[in-house]
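Please read the structure below before turning to the comments.
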Amino acid sequence: MPSFVPTSPTTLEEQRLYTQARLVEVACLDCLAKVAVKKNSEHHTSIQWNAEAVEACPELGRREGASGSRDGHRGCPRLLASIDVAVREGQIPIGAEDGY
Amino acid sequence: MLDHGTTPLRYARGWHCLGLASSFADGKPHAVHGFGTKLVVWQDSQGKLNVLDGYCRHMGGDLTQGEVKGDHVACPFHDWRWGGDGKCKEIPYARRVPLRARTHRYETAVRNGQLLIWNDPEGSAADHDILPPELPGVAQQLGETSDTYTDWRWEVVPIEGSHCRELIDNVADMAHFYYVHFSFPTSFRNIFEGTRATQFMESKGRPDKSEGYGDAELFLKSEATYYGPAYMINWLEVDYKGFETEVILINCHIPTGPDSFTLMYGITVKKPEGIDDKTADYISKKYAEMFGGGFLQDVHIWQNKVPVQNPLLCEEDGPVYQLRRWYEQFYTDVADLKPEMTDRFEFEVDTTKANEYWQAEVAANLAKRESAEV
Ligand code: FES
Ligand SMILES: [Fe+2]
């Protein structure tokens, strides 16, 4: 069944740009998680996980069951520290490319 | 060019809130518009709330205008009696009830004193694991009361001419809080995962405005999570003139047609120590007015905008595309779900540049006002 259907083919290209362009893989320094990161500025961070990475992260694994508590949606401080290291080592280019 | 796209021909899979459970518990049939039709809601003698298609499977009579007889809802047209399980229980004038006499029923759950129903165009069994959480200290079932929280203040706002995705977009929309709601978001993050989408925001009111959240002495720390497509819990720590209050806001909706929905919001306030119930209730009323006003500011925008499939973003904007990718899961057959719709995604907006500009703009507005007053 059709959902929100774009009527212009360029929309699909825009969707790809905003969700997939310029992602850099960052491996966590404390566990086996690998995530895709983008940084448009010093303070901006975008982190795309996949099921495998979530599985590997002990910090996220400690969270309580499916819908229960609010801790369920906190981030992993070790991963954030690993991203900071990757930034310092120049592995993640910082800067937005025309807003995406 | 703006791509308006076409809106979905289906309604989202998931739990939808119909309102406060207590509002249906008077032994009468109630009408709720939803999913392109009308639903009938009533309470049976065991106290259970039941929800069926509002139109009778016999010849289309309006069950919401019928009567509750015993445990069943009786149709005003020919008195067929329907049970909460969706089966016809009795046809007083007939020798027997046809075995096939069933109508569409919705699985129900009561959470936080509200009635929720499961919708799925594919007809799956309700998934109770993804219900919104029970709020500790808040009255859950019918007849319960809470010592720590005020009663819900519940408001219902019908919206015509907008798809409910406009409401969802707010989750990722940092800048509109300044322009539409008159507050500075100083910190703004999102996490989407599974059937949940969360916005974390810290903000302070604009001193140059008095409507909405505009107020120099208003600071908000807000965490808002959608549990599925249509039910959001917003935990708010409100600091007003140094007086701190814990507020819980429910923001939920039920689609009524392809481009209409009913927005509902509820407010409860944790009763502050040493404050009597009447005062606590007054505080909840004030906050209900403030957040209610906030919704109306959004509504005005929605009703005058067009739908956009390809928003053009700048780097200070939130992750609108990823949010919509998450939201799309509820409109997709389970067999066609893609991992990226539910994979965990985190995003922190850099609000530095925006706040620099906004501070300067507000200062200029205040200066202008002052010189006009002199
Ligand atoms: S239409 Fe309802 S009883 Fe006939
Ligand atoms: Fe808004």
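The values are calculated or read from the model by the stated rules, or taken from the named source; none is laboratory data. Computed from a predicted model, the values in this text were never measured in an experiment. We place every Cβ from the backbone using ideal geometry, glycine too, and count neighbours over all the protein chains shown. All accessible areas refer to the heavy atoms of the entire protein, side chains included, with ligands and DNA or RNA removed. Shrake-Rupley method; radii C 1.70, N 1.55, O 1.52, S 1.80 Å.
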Please tell me if B:K48 is at pLDDT 95 or above, within 31 Å of the chain's Cα centre (by Cα), more than 15 Å from ligand 1 (Cβ to nearest atom) and open to solvent by 30 Å² or more (accessible area, probe 1.4 Å).
yes
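Okay, residues lined up against (1) aromatic (F, W, Y); (2) within 22 Å of B:A125 (Cα to Cα); (3) more than 16 Å from ligand 1 (Cβ to nearest atom):
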| residue | (1), (2), (3) |
| --- | --- |
| B:G54 | no, yes, no |
| B:G66 | no, no, no |
| B:H72 | no, no, no |
| B:K89 | no, no, no |
| B:Y93 | yes, no, no |
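Can you tell me which of B:G294, B:G274 is within 16 Å of ligand 2 (Cβ to nearest atom) and of a type in the set (G, A, S)?
Details: B:G274 fails: within 16 Å of ligand 2 (Cβ to nearest atom).
Going through B:G294, B:G274 in turn, the sole match is B:G294.
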Scanning segment B:112-128 residue by residue, those under 19 Å from the mean Cα position of the chain (by Cα) and at the interface with chain A (Cβ under 10 Å from one of its Cβ atoms) turn out to be B:D127, B:H128
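Kindly indicate whether B:Y321 is buried (at least 16 other Cβ atoms within 10 Å of the Cβ) and more than 14 Å from chain A (Cβ to nearest Cβ).
On the way: buried (at least 16 other Cβ atoms within 10 Å of the Cβ): yes; more than 14 Å from chain A (Cβ to nearest Cβ): no.
When the stated conditions are applied, B:Y321 does not pass them.
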Of the numbered conditions (1) at negative phi; (2) in contact with a Gly (Cβ under 6 Å, 6 or more places away or on another chain), B:F182 satisfies every one except a single condition; which is it?
(1)
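Taking the stated definitions as given, is B:P136 open to solvent by 10 Å² or more (accessible area, probe 1.4 Å) and more than 10 Å from every other protein chain (Cβ to nearest Cβ)?
Working: open to solvent by 10 Å² or more (accessible area, probe 1.4 Å): yes; more than 10 Å from every other protein chain (Cβ to nearest Cβ): no.
No: the conditions fail for B:P136.
So how many residues does segment B:1-26 have that are more than 14 Å from chain A (Cβ to nearest Cβ) and open to solvent by less than 40 Å² (accessible area, probe 1.4 Å)?
Within segment B:1-26, the subset more than 14 Å from chain A (Cβ to nearest Cβ) is B:16-26.
With the extra rule that they be open to solvent by less than 40 Å² (accessible area, probe 1.4 Å), the set shrinks to B:16-21, B:24-25.
The number of residues fulfilling the criteria is 8.
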Any hit, segment B:352-365, residues being more than 18 Å from B:P207 (Cα to Cα) and not in a helix (DSSP H, G or I):
no
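For the subset of segment B:155-186 comprising residues that are under 19 Å from B:H4 (Cβ atoms) and open to solvent by 10 Å² or more (accessible area, probe 1.4 Å), which member is farthest from ligand 1 (Cβ to nearest atom)?
Step one: list which residues in segment B:155-186 are under 19 Å from B:H4 (Cβ atoms), which gives B:159-169, B:173.
Subsequent filtering for residues that are open to solvent by 10 Å² or more (accessible area, probe 1.4 Å) retains B:160-161, B:163, B:165-166, B:169, B:173.
Numbers: B:E160: 29, B:G161: 32, B:H163: 32, B:R165: 35, B:E166: 37, B:D169: 41, B:D173: 46 Å.
So the residue we want is B:D173.
Under the condition of being without any contact (Cβ under 8 Å) to a residue 24 or more places away in the chain and within 14 Å of chain A (Cβ to nearest Cβ), which residue from segment B:203-224 is least open to solvent (accessible area, probe 1.4 Å)? Break it down into steps so the answer makes sense when it comes.
Step one: of segment B:203-224, the residues without any contact (Cβ under 8 Å) to a residue 24 or more places away in the chain are B:204-205, B:210, B:216, B:219, B:221-222.
Applying the additional criterion that residues be within 14 Å of chain A (Cβ to nearest Cβ) yields B:221-222.
On the way: B:K221: 101, B:S222: 14 Å².
Here the answer is B:S222.
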